[in-house]
1. Calculate the length of the line joining the C-alpha centroid of the stretch A:181-209 to that of the stretch A:90-125, in whole Å.
2. Tell me the relative contact order for chain A as a rounded percent, counting alpha carbon contacts under 8 Å between residues six or more apart.
3. Between helix A:11-20 and chain A, what is the angle of the helix's C-alpha long axis to the longest principal axis, kept within 0 to 90° and rounded to the nearest 10?
4. Quick one: which residues, 5+ away or cross-chain, put their amide H under 5 Å from the amide H of A:S344? H built at 1.01 Å from N.
5. List the GluC sites (Glu not before Pro) within the stretch A:161-258 that fall in a DSSP loop (any state other than H, G, I, E or B) and whose Cβ has at most 16 other Cβ atoms within 10 Å.
6. Restricted to Cα positions, what overall size does the stretch A:281-399 have along the principal axes? Three whole-Å values, descending.
7. Any chance you could list P(r) for chain A, counting all Cα-Cα pairs in 10 angstrom bins from zero, rounded to whole %?
8. Find the relative contact order for the stretch A:201-257 and round it to a whole percent, using C-alpha pairs within less than 8 Å whose residues are 6+ positions apart.
Amino acid sequence: MIDIKLIRENPEIVKDNIRKKFQDDKLALVDEVKKLDEDYRNLRVEVDELRAKRNSGAKEIGKLLKNGLKEEAEQLKQSLATMGSQIEELEATEKKLEVEIRNIMFTIPNIIDKSVPIGKDDSENVEVERFGEIKEKNFEIPYHTDIMNNFNGIDIDSARKTSGQGFYYLMGDIARLHSAILAYARDFMINKGFNYHIPPFMIRSDVVTGVMSFAEMENMMYKIEVEDLYLIGTSEHSMIGKYIDTITPDIKMPLTLTSYSPCFRKEVGAHGIEERGVYRIHQFEKQEMVVICKPDDSMNWYEKMWRYSVELFLSLGIPVRQLECCSGDLADLKIKSCDIEAWSPRQQKYFEVCSCSNLGDAQARRLQIRLQGEDGKKYFAHTLNNTVVAPPRMLIAFLENNLNEDGSLDIPVALRPYMGGQDKILKK
RNA sequence: GGAGAAAUACCCAAGUGGUUGAAGGGGUCGGUCUUGAAAACCGAAAGGUCGUGUGAGCGGCGCGUGGGUUCGAAUCCUACUUUCUCCGCCA
C-alpha cells in the first residue's frame, strides 16, 4: 500500500510503476482514486464545518439551560436536530468514499526498487548467482518419497486415511531429520543474533485481514469453526501481527526475529496439491526470519537475509541459486524479492525453497507499524521476511543431495549434534 | 466454562450527560541550592490523528474497540476484546 500523497503529487511515478509491472489495466485506477481523494477531502471540509457548528450549538444549549432560558434552548435544539440528519447523510457519503479509496489503494502496487529487472512473468525471473558445487551423481536418484520409504520414513497412505490428500506421517530417522533441521536452523539464526519466537499458531480474523488480501485469505487460510480463529499459513502472520498499531522508538531498530511454526495452507488454485510426495502440502513446518527496521536499512537487511539462507543450505551440502523476481512476478506489496532455489540432482534443476522479500513501508503503512525518532517524529518502518528453512519440502533437496549409491544418507557435520552424533543413516 | 470488578494521555490517577484536550501526581525540560549529584523548592512545555491554510492558526475525530441514545457522551445503552478476583475443569 503506497502513500496516497504520492498519487496526489506524482501520479506519473505510480503509473510508470504499474506499466513496469505489466498491469496496464490498473492505470485508470490512479486517476480514479485521485479524483475520489479530492472529492473526499472537499467533503471533509464541508462535514467538518457542519460538525463544528453543531458542537458550538450544543455548547450554547448548555449555557442557555444553565441560565434558565428553556424556550431558546428548545428552539436551538430543533435546528440542530435537522443539521444532525444533514450531517448523517454526508457522513454516509464520506464513509463510502473512504472505503472506495482504500479498496483501490490496496490494489495499486508498491513502487518497485530500481534494481528490479523488468519482466512480464515468472519466466523472466533472473538467475543472479549460483552457490555451491554440484556433485554429479553417477547413479539414479529415486523420487524423494521413495528415498524416504527406503528409511521407513514416510507413510502417506495412512495420512490420506486420517486426514486426506496433502498430509503425511514422517517416521523414524526421517522424522528425526526433520526436527534436526529445524533445530539447526533455529540455532543458526540465533547465532546470527535473531530473537527466537514461538508465536500463536492461530490468529483472529482482524489480524488475518490485516496481513493479507481477501483472495489470499480464501485460498490459504483454514478457519476454526465457531471460533473467530484461523490457522496461520506462515508464522509471518503472527509475527507481523504482533506489531500492528505500535510505535517503537527507532533506536531499538532493527528487530531481527526468527520464528518457528507449523504452517497450514489450503493451496486452493495455483498448482494445487501434488499427489505424490511432500512438495506442496496442507501442513508443513517452517523456521522464518522477519526483520523490522528503519527505511535506510532495509536493502542491507534484504541482502543479508537471502545470504543467510544460502549459507544455511550450503552448510547442509545443498547447492543453491538466487533467482530474482522480475517486476511482473513481484507481488504488489513488495519492492524487491528473490527466491533461493535448491539443486535437485534427480530433476537436474533448481526448485524453490526460500523466498526473501522487502516490503518497504507498504505492510507497515497498512498495519500502522511505526517508528519514532529521537526528535519525536513518527514514520513507517520497513518490513522484510525470508524463509530460513521449511521442511518437509526442504528435505527433498537434502535427501537428493546427500544420498549415496548404496542408499545410505550422509549427515553433514553441522547437523550431527542434532542427530545424536550420527554421520550417516542407513537404508532399512 | 460460571460469578463479580475494571479498562482515561509516557506512567499512576480524578472525573456519572453541558467550554473536559480532559483535575491532581509522577516523569520530562529549565532554574535555585550544591564542587558535582541526590533531595527540596520555584518555573515551563508538550502530549494522538486527520483535514485545512504560505503561516501564526482554525477545525473534525479521539477516554479499550465497534454500534446506539441525545441538541450535546469519558459519563447512559449494547456487542465485542482484554485484565484482575473467586469457583469449576485441565496438559
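Values quoted throughout were computed directly from the atomic coordinates according to the rules given, and no laboratory measurement underlies them. All of these numbers come straight from a predicted model, not from anything done at the bench. As a convention, Cβ positions derive from the backbone with ideal geometry for all residues, glycine included, and neighbour counts pool all protein chains shown.
1. Comparing the Cα centres of the stretch A:181-209 and the stretch A:90-125, I get a distance of 29 Å.
2. Rounded, it is 19 percent for chain A.
3. Taking the Cα atoms of chain A, the angle to A:11-20 is about 20 degrees.
4. Residues meeting the criterion, in which the H sits 1.01 Å from N, are A:K349, A:Y350, A:F351.
5. On the way: sites: A:E216, A:E218, A:E225, A:E227, A:E236; in loops: A:E225, A:E227.
When the GluC sites (Glu not before Pro) of the stretch A:161-258 are filtered for loop state and at most 16 Cβ neighbours within 10 Å, A:E225, A:E227 remain.
6. 56, 29, 28
7. 4, 17, 26, 22, 13, 8, 5, 3, 1, 0, 0
8. Dividing the mean separation by the residue count of the stretch A:201-257 yields 38 percent.
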